[in-house]
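Here is the structure we will look at, set down as structure tokens.
The values are calculated or read from the model by the stated rules, or taken from the named source; none is laboratory data. Computed from a predicted structure; not experimentally measured. Cβ atoms come from the backbone with ideal geometry, glycine included; neighbour counts cover every protein chain shown. We work out accessible area using only protein heavy atoms, side chains counted, and drop any ligands, DNA or RNA first. Shrake-Rupley method; radii C 1.70, N 1.55, O 1.52, S 1.80 Å.
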Amino acid sequence: MSSDAVLLSPRLRTRAASRFLRRWRWALAALVVLLVVAGLGGSAQPQPPSAPPSGAVAANPPPFNAADFKPDVIYQVVIDRFFDGDPSNNDPPGDSGLYSANHTNWRAYWGGDLAGLTQQLPYIAGMGVTAIWISPVVDNVHQPLYYNGSPLPNAGYHGYWARDDYRIDPHFGTWADFDRFVQSAHQQGIKVMMDFAPNHSNPTSGGEAGKLYQDGKLVADYTNDTAGWFHHNGSVFNYDDLYSDEYQNLYDLADLAQEQPQVDAYLKGAITRFLEHGVDGIRIDAAKHMAGPTGGWLRTLNDYVQTQGPHYMVAEWFSTGITDPLHRAQLRFANNSGMALLNFTMNTAIQNVFIGRDGMQELDITQQQINEDFLWPNDQPLFIDNHDMPRFLNLSQRHDLLHEELAFVLTAQGIPIIYYGTEQYLYNNTDGGKDPFNRPMMASFNTHTPAYQLISRLAHLRHTNPALAYGSLRGLEVRHDLYIYERQFFGNKVVVAINRSDTDTASIAGLPIRLPSGRYRDVLGGMFGGGDLLVNADGSPRSFRLQPSEIAVWQFTAAEPATPELGSVGPELTHPGNQLILDGEGFGALQAGGTVELGSVAAQVERWSAHSITVRVPAVPGGLYKVRVCIAAGSCSNELLARVASGPQVPVTFTIETVPETSPADHVYLTGDAYELGGGSVDKQVALGPLFGPDKPTWFILASVPACRTLRFHFFILHADGSRTTERGPEHTFTTPCTGTGFDTVIWQK
Ligand code: NOJ
Ligand code: CA
């Protein structure tokens with residue numbers, strides 16, 4: 001039985017097929033282009049770093065929406081541990097001695113590479129995966145490190161120990177291999193999300209001692225840092241203190257000073273090179289260590305990336321969930337910077353529920369909280385486990401629970417990420433599966449495992465029914481061992497039922513949903529016990545039973561609507577002149593007098609099709625805008641939010657000296673006349689701050705502000721009792737640089 005509901009009329013079935021074809025049409029076009037250029041060989045020549053002109057768009061924008069990963073399933077791969085497609089690069093000259101041929105040294109290279117990943121793309125595509133997150137691919141340290149008295153060499157096989165962000169690590173291949181991988185992925189309908197680690201270079205405690213190169217030329221030396229590329233403040237002493245996180249070394253990793261113009265140019269130049277080589281999305285490593293209280297340098301990086309065309313940006317901000325001391329800070333970062341956050345909050349709930357056996361209610365409550373907290377909840381990726389924590393099977397060998405978790409992650413709100421090998425039940429129990437034992441070599445590529453089949457069917461549903469990508473989530477029946485919920489995007493609906501109990505059958509009557517009457521088949525084809533859902537003539541479902549460990553998914557895909565329905569506006573942080581892409585339904589094949597509005601201002605339309613519109617952001621003042629689509633017939637869509645910065649952004653460090661004595665609970669803020677400076681507001685959620693004061697009475701903050709602009713601002717102290725001490729005298733003024741970074745130091749005006 002196909003996974004489409006039997007209720008689909010022939011017209012609807014055709015529509016689902018046309019959606020599918022729409023996804024693939026460009027792939028065929030790309031194949032033609034590839035065949036034409038195939039004879040040329042070699043890679044594109046790397047370019048020197050340069051700031052893109054405002055409003056510039058990458059020469060070859062991908063034929064799909066790289067800013068919207070919501071319809072995708074992401075597969076996370078540690079390149080070194082996936083597949084060895086080219087044994088000739090396993091112990092490369094100039095970078096040799098770091099390879100463990102028999103895979104006994106888990107902290108060395110094992111041979112996986114870009115050629116291997118490219119060869120296995122059909123296996124990945126067969127799972128319905130439409131995006132791959134690759135571990136950092138840049139050149140890592142060539143010298144071994146030794147830790148804890150062990151004689152075994154440690155290498156940067158994981159990619160987080162960069163020595164040259166402008167080169168591909170020779171163990172993984174060449175730029176030509178990278179290009180072949182990206183082109184091949186795109187041909188197979190798969191977006192590429194690179195992992196980028198701009199927080200640091202590499203360990204200071206051995207190896208190359210933090211040294212950094214640009215295309216093979218030494219540019220920075222941690223131990224002889226005359227040009228000030230690094231912070232030299234020791235290692236993070238308190239992970240719950242943002243100053244410590246940002247200005248000290250994460251472990252022993254040489255902490256880059258992004259506020260310095262040469263560092264800013266180096267990192268932004270490196271990212272430009274990867275964008276020119278076709279990456280679609282970027283996962284930012286260790287974001288908590290660069291974000292500051294309001295987004296800081298990372299907000300300027302996001303703005304810089306979006307100026308080169310729309311791209312999905314997601315940040316890793318490690319968190320223990322809602323009770324994490326920096327939970328509010330990470331929310332402010334996500335909502336301000338327009339970058340999604342890997343959803344550690346839901347990950348904690350998933351672990352509590354499927355390993356700790358807490359009630360399933362925790363999933364529902366956590367989602368409600370996420371919906372209240374995040375401006376863009378559907379963009380936050382969900383995951384069961386990753387390369388930094390034990391795999392689920394290390395903690396519980398229960399395949400039934402793994403399948404239940406997978407079904408949840410693939411159908412709940414947020415973009416699903418599957419850690420490589422989960423579909424093959426891959427794990428190694430040495431040291432409880434902690435890093436590096438959570439990174440075994442991929443051992444099998446069996447396309448018939450139940451997990452592979454489950455992912456494939458739910459990924460297909462995600463591509464064809466927009467309720468999963470864009471819909472709301474509503475708990476229908478939530479018990480200790482039972483979770484039934486509905487995803488809904490206008491007329492499109494998906495109902496998911498998971499009975500976690502090993503022993504008890506659940507009886508369900510009076511489920512509060514309405515569907516067109518008829519018989520709905522389980523999208524999973526009964527593989528996990530799911531049966532049919534019968535819906536009465538009045539739209540109410542008949543009562544039914546769920547067997548122990550049963551998973552059932554039912555769906556209804558609506559006809560193309562007559563009124564536009566907006567599912568995605570991205571990127572979420574943009575500025576006037578940049579491209580903005582709107583995805584949804586019912587836009588009509590042609591613009592035919594239709595408009596897109598930000599607030600009440602119409603945007604210039606560049607492309608218009610039934611499900612996707614591209615516009616240029618009009619010259620509006622900075623702000624959070626409601627965006628909608630209206631069609632000539634006079635009907636308008638729902639509204640979604642986009643944050644418009646007041647222009648291209650640069651990082652500026654504002655420092656204030658001789659601030660009057662404060663008590664430990666007092667905080668210093670800055671407010672000023674630009675949108676990015678809080679527009680004069682003294683609300684602590686809107687003004688810039690709190691500033692860092694490691695060296696009182698001097699305080700500072702690194703802010704993302706509009707380039708080439710004269711700013712007027714002042715500082716104030718917010719006391720613990722809510723009262724304020726404000727600077728006297730005229731406002732300070734500062735003209736921001738047009739490119740690079742800026743610094744302004746002032747004295748408190750008494
Ligand atoms: C987080 C990454 O996921 C982890 O694997 C890495 O070691 C650290 N950041 C430092 O880059
Ligand atoms: Ca290899």
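Assorted remarks:
- Isotropically averaged projected area of region 681-731, using the convex hull of Cα atoms (one quarter of hull area), nm²: 4.6
- Accessible area per residue, Å², the chain with all protein chains present, probe 1.4 Å: 35
- Note that region 424-468, at 37 °C in a medium of 0.692 mPa s, gets a Stokes-Einstein diffusion coefficient of 260 µm²/s from its Kirkwood radius over C-alpha pairs.
- With 0.36 nm allotted per residue and the present C-alpha distance subtracted, the Asp240-Cys708 stretch has 165.0 nm of extension available.
- Residue pairs, from the table Lys217/Lys268; Lys70/Lys626; Lys696/Lys750; Lys70/Lys684; Lys288/Lys684; Lys191/Lys211, whose Cα atoms sit over 22 Å apart: Lys70/Lys684; Lys191/Lys211
- For region 224-382, the fraction of alpha-carbon pairs in successive 5 Å shells from zero, as %: 1, 9, 16, 19, 18, 15, 11, 6, 3, 1, 0, 0
- 12 Å beta-carbon shell around Ala340, net charge (K/R +1, D/E -1): -2
- Dipole magnitude of the chain about its Cα centre (Cβ charges: Lys, Arg +1; Asp, Glu -1), debye to nearest 20: 2200
- Each distinct pair of alpha carbons in the chain adds a 1/r term; the inverse of their mean, the Kirkwood radius, is 27.0 Å.
- Rolling a 1.4 angstrom probe over the chain with all protein chains present gives an accessible area of which 54% lies on carbon and sulfur atoms.
- Relative contact order %, the chain, counting alpha carbon pairs below 8 Å whose residues are six or more apart: 11
- Net charge of neighbours whose Cβ lies under 15 Å from the Cβ of Asp225, counting Lys and Arg as +1 and Asp and Glu as -1: -3
- In order along region 312-323, the phi-based Karplus estimate (6.51 cos²θ - 1.76 cosθ + 1.60, θ = phi - 60°) of 3J(HN,Hα) comes to 7, 10, 9, 10, 8, 10, 4, 8, 9, x, 4, 8 Hz; Gly and Pro are listed as x.
- Normalised by the number of residues in region 609-659, the mean separation of alpha-carbon contacts (under 8 Å, six or more apart) gives a relative contact order of 33 percent.
- Counting only DSSP beta bridges with both residues in the chain, the antiparallel share comes to about 70 percent.
- Cα-derived Rg to Rh of region 571-618, Kirkwood definition: 0.94
- In this simple spin-label model, placing a label point 7 Å from the Cα along the Cα-to-Cβ direction at both His448 and Glu657 gives a separation of 7.5 nm.
- Across region 363-497, the volume of the C-alpha convex hull divided among the residues equals 117 Å³ per residue.
- Over all Cα atoms in region 471-547, the spread is summed up by Rg and Dmax: 12.2, 37 Å.
- Where N is the number of residues in region 187-302, Cα Rg divided by 2.2 N^0.38 Å: 1.10
- Cα-based Rg of region 450-508 normalised by 2.2 N^0.38 Å, two decimals: 1.26
- Counting every C-alpha pair in region 274-359, the share spaced more than 22 angstrom apart comes to 33%.
- Region 559-703, relative contact order [Cα under 8 Å, separation at least 6], %: 21
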